Structure formats: C-alpha cells, structure tokens
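Written below as structure tokens is the structure these notes are about.
The values are calculated or read from the model by the stated rules, or taken from the named source; none is laboratory data. All figures in this text were calculated on a predicted structure; none of them were measured in a lab. Cβ atoms come from the backbone with ideal geometry, glycine included; neighbour counts cover every protein chain shown.
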Amino acid sequence: MTHIDKSDPASVVENVSRRAWLKGVVASGSLIVAASALPRGAMAAWKTGADAMPHGTVSDPHVFVAIDKDGIVTIVAHRSEMGTGSKTSLPMVVADEMSADWSRCRVVQAPGDEVKYGNQDTDGSRSLRHFVQPMRQCGAAARLMLEMAAAKRLGVDVSEVEAINHEVVHRHSGRSFGFGELAADAAALPTPAPDQIRLKDPNSFRYIGTGSVPIVDLFGITTGTATYGADVRLPGMKYAVILRPPVLGSKVKSVDGSAAMKIRGVEKVMEVKGWDWPAKFQPLGGVAVIARNTGIAIKGRDALKVVWTESPHAVYDSDTFREEMLATSRKPGKTVRNEGDIDAAMKSAARVVSAEYYVPQFAHAPMEPPVATAWVHDGMAEVWAPVQSPGGTHDDLCKTLGLAYDKVKVNVTLLGGAFGRKSKCDFALEAALLSQALNAPVRVQWTREDDIQHDFYHAPAVERIEAALDGSNKVIGWRHRNVAPTLFSTFMPDPKYQQPLEYSMGQVDLPFEIANIRCEVGEAAAHSRIGWFRSVRNVPNTFATQCFVAELAHELGRDPKEMLLELIGAPRIVDPRKTTVDLWNYGDPFETYPIDTGRVRGVVELVAEKAGWGRNLPAGHGMGIAVQRCFLSYVATVVEVAVDDKGKISVPRVDTAIDCGFFVNPERIVSQIEGAAIMGLTVAKHSAVTFKNGVAQQGNFNDYPVVRIDEAPRVTNVHIVQNGWDVPSSGVGEPATAPFAPAFCNAIFAATQKRIRSLPVGDQISL
C-alpha cells in the first residue's frame with residue numbers, strides 16, 4: 001500500500017515496479033539517464049565514486065533519472081530513509097547538477113535490486129560518502145544531454161547553451177526550452193562519455209550545502225500519513241506474531257496450541273522454521289499464531305504452551321560473563337597492533353597507570369519494532385518492509401524461498417528508526433515463509449518485547465588500558481586489551497576473538513603520538529545474536545580510550561583537553577597498517593581516507609572553543625571532552641553536566657564539532673548529531689540488556705528505558721567544519737554517538753570527582 005501526497009510534487013513517494021515504471025517513461029518519450037558507480041581507489045576514485053562494502057564494487061549502469069513531457073523530473077532513491085535524509089539528499093544532488101527546479105522533482109523509492117542500483121545497505125554511514133559523486137555525475141550527464149538536444153534544435157554549438165532552473169537557455173538569443181520540451185530529443189542521444197561530463201563548480205550549487213531543502217517525506221511524517229511498515233494493508237491479509245526461543249539455540253520440542261485456538265479470531269497455530277546457529281539473518285524459528293488482527297494474535301500467543309529443547313547458551317549470565325571477561329583482560333591476548341617495544345617501556349617506566357572499563361549489551365530499540373508483510377504466490381514473492389538493506393533482503397528471500405532473482409520484489413517503506421537493527425532481515429523472511437505456507441498475504445508484527453529480547457545485540461565489552469610514564473610524566477607506552485564477543489559469530493562458527501572490522505574501530509587506529517603501542521584482543525564466546533549498533537565498536541573503544549585520557553590528565557594534574565592534544569601530537573598522517581594485523585578502514589582506501597591528526601586536533605580545538613572550555617561553571621557543574629575518528633569523520637564532543645545535591649544528573653548543554661569533508665545537507669547533519677546526543681545519553685545513562693540462564697531480562701521501556709524529552713540535553717550545538725570539494729565526504733549518521741558517553745562521564749568526574757568506568761551510569765550517582 002502506498003501513500004501519495006499530491007499536494008507537493010517534491011514529496012510524492014511511490015513504491016512501483018521498476019520494469020513497469022521504465023516501460024511507462026520510455027513510451028512517453030522521456031529522457032532516461034544511467035549513472036555508473038565505478039570502483040574506488042585513491043583520491044582519483046573520489047572523483048568518480050562507488051560503493052565497495054560489503055557486496056563488492058558496482059559496475060553495471062543503474063537508472064536513476066527520468067524526465068516526462070510535462071517537465072517533471074523523477075529521481076530514484078536507492079537507499080532507505082530512516083531519518084538520515086539520504087532519500088532526499090542523493091536526489092537533491094542529482095537535481096542540483098541537472099539545474100533542475102526542486103519543486104518540479106519527485107522522488108521514487110527503489111525496490112531491492114542490487115543488480116540495477118548497486119549496494120543498497122543503508123548503514124555504515126556511507127550513503128552520501130559513496131554515492132554523492134555518482135549522483136553528481138548522473139545529474140551532470142542529464143544536464144549535458146538536455147543542452148545537446150537544445151543546441152541541435154537551434155543549430156548552434158553546445159557551448160552556447162546552458163541549463164538554468166529547469167530550462168536550457170541560448171545565451172545570445174535568449175531563446176529557451178523547458179526540460180519537458182527537450183526530453184524526447186535528449187533521450188534519442190547517446191549517453192555522454194565520462195570525459196565529456198563536466199561537474200558544476202561548487203560555488204554554483206543551488207541546493208547542495210545549503211540546507212534549504214526539507215526531507216521529501218516531511219509532510220507525511222508530520223501529519224501521520226506517511227507509510228511505515230505497519231501501515232501496509234493487502235486484501236485478505238492475515239496477521240501473525242511469533243513465540244521465539246527464549247535462549248539462543250533452543251528449538252521447539254513440543255507445542256500445545258489448544259488454548260490459543262479457543263480464542264475467537266485465532267485461525268491457526270503453526271511452527272516457524274528456525275536455522276542452526278550461525279544463521280546470518282535467518283529466523284530464530286518458533287511458533288506462530290495467525291489471527292484476524294495483531295491484538296488477537298498476541299492473545300493467542302500468550303495462551304501457547306511450548307516446551308523448548310536445551311541449549312548450551314542457557315549457562316549465559318551477564319554478571320558471570322563480565323567477571324570472565326575482566327579476568328581475560330588481565331592476561332596477554334592476541335596481538336593485533338605492535339609498535340615499538342611495550343614490554344621494555346613498561347619495565348623502564350617510572351610508573352604505570354591502568355584502568356578497566358565495562359560496556360554492557362545494548363538493544364537497538366527503535367521506536368518502530370520490526371514488521372513485514374509478504375505475499376508469496378504463483379512462484380513469486382513480494383514483501384513490504386522497513387529494511388535498511390533492500391538488496392540484501394531481496395537476495396536472502398531468493399535463497400530462503402528458492403525463487404529466481406526476477407521473481408522477488410522488496411518494497412521499502414519508511415523506517416521508524418533502525419540504528420543497524422533493520423539491516424538484518426529475519427522479520428521479512430518470517431513473513432515470507434508464513435505467506436508461502438498459508439498461500440495468503442501475511443503481516444508479521446514484532447512487539448517491543450520481541451524486539452528487545454531477540455535483537456542482534458551490541459556485544460558487551462571489557463577494555464583494559466595501561467600507560468607507561470617516564471620520569472617527566474610523558475606517556476612512553478600504551479597497552480589496550482579489548483575483550484568482547486564478535487559479531488562475526490552471526491556469520492560463521494564463533495571465532496571468539498574480535499575481528500579486524502571491530503578492533504579497527506577505536507583500538508588499533510589510535511591516533512596518538514606514543515612510541516610504544518600494543519593492542520590485544522581476548523577470547524570471549526558469543527551467547528546471543530550479535531550485530532552492529534550505531535557507531536559499532538567505536539562505542540566501547542572510545543569510551544575506554546577517552547575516559548582514560550581524562551584519568552591520565554587528573555593523575556598528572558593536567559587539563560584534560562591539553563592532555564588529549566599532547567597525546568594526539570603534531571599534525572601528521574598516522575599509518576597503523578605497518579604495525580597492525582589487517583587494519584580495516586571502513587571499506588575505503590587508506591590513501592583516500594588516511595588518519596589525519598591535524599583534523600583530529602582541529603575538531604578538538606573547535607569544540608573546546610565553541611563550548612567555552614575552561615569557563616567558570618556553577619557549583620555542581622562539570623565539562624568533559626572526547627574525540628574519535630569514526631566512520632572516516634572526525635568528531636569531538638564537549639558535554640556539560642549538572643549534578644544536584646541528591647546526585648541527580650542532567651545535561652544543560654552539548655557541543656559537537658564534526659569534520660565530515662565535503663557535505664551535502666547541513667540540516668541533516670545537525671539532525672543526526674542531535675539524535676546521536678540523545679542516543680549517546682541513553683547509552684551512558686540507561687541502556688543495558690542483561691541475561692540470566694541465557695534469557696534476556698529486559699523487555700520494554702520500563703526496564704530498558706531510553707532518554708525522554710525531560711532529560712534530553714537542553715541545548716545541543718553542532719559545529720560543522722567547512723571543507724572544500726577536494727576533501728572527500730565521510731560518515732555522519734554514526735560518528736557522534738561514540739564520543740558522547742566518555743565526554744559525559746568525564747564531565748561527571750569534573751563535577752563530582754566520582755570516576756565512572758562502567759555503563760550505564762543511571763539517573764543519579766552517590767555523592
């Protein structure tokens with residue numbers, strides 16, 4: 001089901017068949033432009049753009065633009081919209097390069113099809129980072145074809161005409177043609193070769209970098225008429241909820257559904273197939289209750305009597321596991337970065353300072369729990385769902401259902417939050433499997449409890465850091481041990497050690513100027529589903545590193561900001577590839593995105609200046625600072641806290657500076673960083689999923705609270721570093737989450753002298 005707001009052409013959103021849509025625009029004589037995203041490599045590749053993670057480089061042309069006879073420009077958004085604004089920002093880039101009038105553009109959400117569109121995973125903070133250049137090329141190619149069509153009609157050289165605000169103008173005569181008038185002629189021309197396409201000078205951008213374009217779904221979102229996953233309705237649709245195994249690895253041993261079937265409106269009780277672990281994103285399995293609406297299905301599920309098989313993960317207890325990880329962190333682990341001679345540095349040190357930090361498991365807890373509707377019939381499957389990975393969902397549906405590529409379609413609704421959870425498509429596969437079995441459309445709705453108790457959790461972690469100091473209190477050695485289950489246990493037999501993708505997020509990529517550095521990872525088994533969470537492993541690694549810097553500063557009687565800058569050292573490029581086992585650089589070339597300490601220093605100095613670091617504060621107030629290179633951006637945060645005489649903590653102000661290179665939509669950057677402050681505060685104060693006997697103990701916002709409006713930061717200031725075009729775009733959606741918790745905890749210490757080394761802090765501390 002689709003909602004179409006016809007009052008504003010820029011906000012028309014449709015989920016339509018790509019083949020039908022292309023057939024229609026071709027028949028109408030419209031212009032169709034294809035954009036190729038070429039493989040990345042070094043700085044030159046930044047000029048062409050591409051996406052190389054995790055499904056390989058994009059090489060096939062993908063159709064993104066059509067112009068109809070009436071002049072309406074239709075632009076395809078191939079990434080999902082979950083608040084990051086990519087559904088608006090990427091089409092906006094196309095429109096700007098085309099010289100199109102945004103009010104005469106409409107955006108169409110692409111279905112899942114990575115053959116046509118390339119990588120569609122809306123995660124890793126890479127939608128703009130990887131596709132701003134291909135979209136610029138796409139728009140510039142369309143502009144040139146329109147100009148060529150106008151020049152041919154006038155019998156002049158193409159250099160004499162120029163596309164301006166939805167028409168092409170002949171400079172000498174002043175004659176002009178609207179885009180719609182030229183569409184058919186332009187469509188008959190060959191697509192220009194890449195060396196013919198000229199990108200606009202950034203000084204002539206009309207939309208890029210201005211923040212003047214609201215998100216295309218704004219009207220529908222604010223009026224409640226936008227289509228989210230739970231808004232889909234199909235004729236004859238059945239409603240389902242699933243009772244899933246309480247412990248990872250358990251399966252249905254027996255089920256008694258007689259009481260459920262006595263509830264009026266319950267139509268069927270049936271088992272859902274589960275996959276042996278590791279299962280990637282396949283369903284956990286369990287027992288489904290099918291009913292005439294979701295409320296009745298939940299009542300039926302509550303009446304089920306299910307006996308589960310035993311699981312080796314039933315021994316999982318969060319408190320015990322934490323102690324096991326702490327014990328592991330106190331012993332040598334597997335070395336993943338080794339620079340200089342840490343053993344000699346520790347032996348010769350005048351003193352050694354050490355600390356241990358703990359971060360619990362987090363659930364994503366998006367406002368909209370997972371939901372999907374599927375209709376599998378006649379050898380075809382169609383799904384409607386709020387998925388971050390439409391292409392990945394499409395491919396998994398093909399494999400799970402045994403259908404050919406062109407027999408599956410994934411329609412993408414708006415996402416009511418995601419944070420990494422909805423890149424895992426188990427909920428869409430559940431709906432498809434039930435629809436296939438019932439030969440009817442089926443909607444599977446997860447409850448809040450389902451979501452929190454069966455998530456792909458952020459793994460718990462213990463971090464131990466030791467610093468060797470010489471006689472003049474200079475840091476001469478740094479040893480960081482990281483112990484945490486790996487998310488790769490979701491994809492392969494549990495490696496039990498963090499992998500390069502994980503330890504490269506804030507551990508081995510340490511940008512400090514220290515002669516002797518050793519990073520180690522310790523063994524830890526996974527006992528729950530592990531996935532990625534906003535900022536991923538940057539969260540625990542940054543928490544430990546940045547809190548430890550503040551501890552060193554206090555130990556030495558130094559200002560935390562000055563201590564941080566001293567450790568960062570002089571502006572330079574840090575290249576840990578020489579001393580690291582398989583450094584992962586967020587899937588991008590190190591030559592394009594090096595570790596630049598000048599930019600690290602830059603955001604620290606900027607945020608300190610803007611926050612008024614060192615200013616006089618009221619009693620009970622304190623300021624903390626933290627920085628991280630996260631998803632290739634540089635982000636620093638200063639948090640001011642207030643602690644009253646009862647120990648209650650509030651946050652009067654947050655300042656964050658971000659250096660994300662060339663940027664498109666500053667309004668969305670501000671929005672993302674404001675959201676990261678809310679999520680960062682949630683992580684710092686509240687978030688913790690605990691386990692006993694392998695069962696998650698939390699289930700809703702009463703015992704897994706998120707920050708409410710009355711405790712949100714009263715002021716959040718965002719400071720964007722202004723870069724030129726030659727600085728490649730980098731991530732925005734994830735980075736600002738990572739430094740919040742350490743800045744928050746450092747601020748608590750500044751206010752109270754109470755050191756925080758374990759999350760969550762809670763609403764108040766003991767004074």
Quiz item: Restricting the search to segment 447-475, which residues are part of a loop (DSSP other than H, G, I, E, B) and touching a helix residue (DSSP H, G or I) at 6+ places or on another chain (Cβ under 6 Å)?
Solution: ASN473
Quiz prompt | Residues that are in a strand (DSSP E or B) and either hydroxyl-bearing (Ser, Thr, Tyr) or over 25 Å from LEU501 (Cβ atoms) (or both), drawn from segment 567-593 | solution = THR580
Quiz item: Can you tell me which residues in segment 204-256 are assigned to a helix (DSSP H, G or I) and either farther than 20 Å from ALA385 by Cα or among the charged types (D, E, K, R) (or both)?
Solution: SER204, PHE219, THR222, THR223, ASP231
Self-check item: Residue within segment 598-618 that is of a type in the set (S, T, N, Q), surrounded by 17 or more Cβ atoms within 10 Å (Cβ to Cβ) and more than 16 Å from ASN746 (Cβ to Cβ) present
Solution: no
Practice problem: Could you give me the residue pairs with C-beta distances under 7 Å whose first residue belongs to segment 585-603 and is under 21 Å from VAL718 (Cβ atoms) and touching a residue at least 12 places away in the same chain (Cβ under 8 Å), whose second residue is part of a loop (DSSP other than H, G, I, E, B) and among the hydrophobic types (A, V, I, L, M, F, W, C) wherever it lies, and which are 6+ apart or on separate chains? | Solution: GLY602/VAL721; VAL603/VAL721
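Might you check whether a residue that is among the hydrophobic types (A, V, I, L, M, F, W, C), more than 28 Å from ALA385 (Cβ to Cβ) and modelled with pLDDT of 95 or more occurs anywhere in segment 74-94?
No, that holds for no residue.
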Practice problem: Within segment 619-641, count every residue that is touching a residue at least 12 places away in the same chain (Cβ under 8 Å) and not in a strand (DSSP E or B). | Solution: 3
Quiz item: When you look at GLN137, is it over 30 Å from THR227 (Cβ atoms) and crowded, with 24+ Cβ neighbours inside 10 Å, yes or no?
Solution: yes
Exercise. Check off (1) in contact with a Lys or Arg (Cβ under 6 Å, 6 or more places away or on another chain); (2) part of a strand (DSSP E or B) for MET270 and give me the number that stays unchecked.
Key: (1)
Practice problem: Please enumerate the residues belonging to segment 360-381 that are under 20 Å from the mean Cα position of the chain (by Cα) and of a type in the set (Val, Ile, Thr). | Solution: VAL371
Quiz item: Is at least one residue of segment 411-426 buried (at least 24 other Cβ atoms within 10 Å of the Cβ), part of a strand (DSSP E or B) and either free of Cβ contacts under 8 Å to residues at least 24 places away in the same chain or not assigned by TED's automatic domain parsing to the domain that holds ASN700 (or both)?
Solution: yes
Quiz item: Name the strands (runs of 3 or more DSSP E) wholly within segment 130-184 that hold at least 3 residues that are without any contact (Cβ under 8 Å) to a residue 24 or more places away in the chain and either of a type outside the set (A, V, I, L, M) or in contact with a Ser or Thr (Cβ under 9 Å, 6 or more places away or on another chain) (or both)?
Solution: 167-170
Practice problem: Could you look through segment 594-618, keep only residues that are assigned to a loop (DSSP other than H, G, I, E, B) and in contact with a helix residue (DSSP H, G or I) (Cβ under 9 Å, 6 or more places away or on another chain), and pick out the one that is nearest to PHE662 (Cα to Cα)? | Solution: TRP613
Quiz prompt | Unique match (being touching a residue at least 12 places away in the same chain (Cβ under 8 Å), touching a strand residue (DSSP E or B) at 6+ places or on another chain (Cβ under 9 Å), closer than 24 Å to CYS425 by Cα and hydrophobic (A, V, I, L, M, F, W, C)) among ALA291, ALA303, ALA260 | solution = ALA291
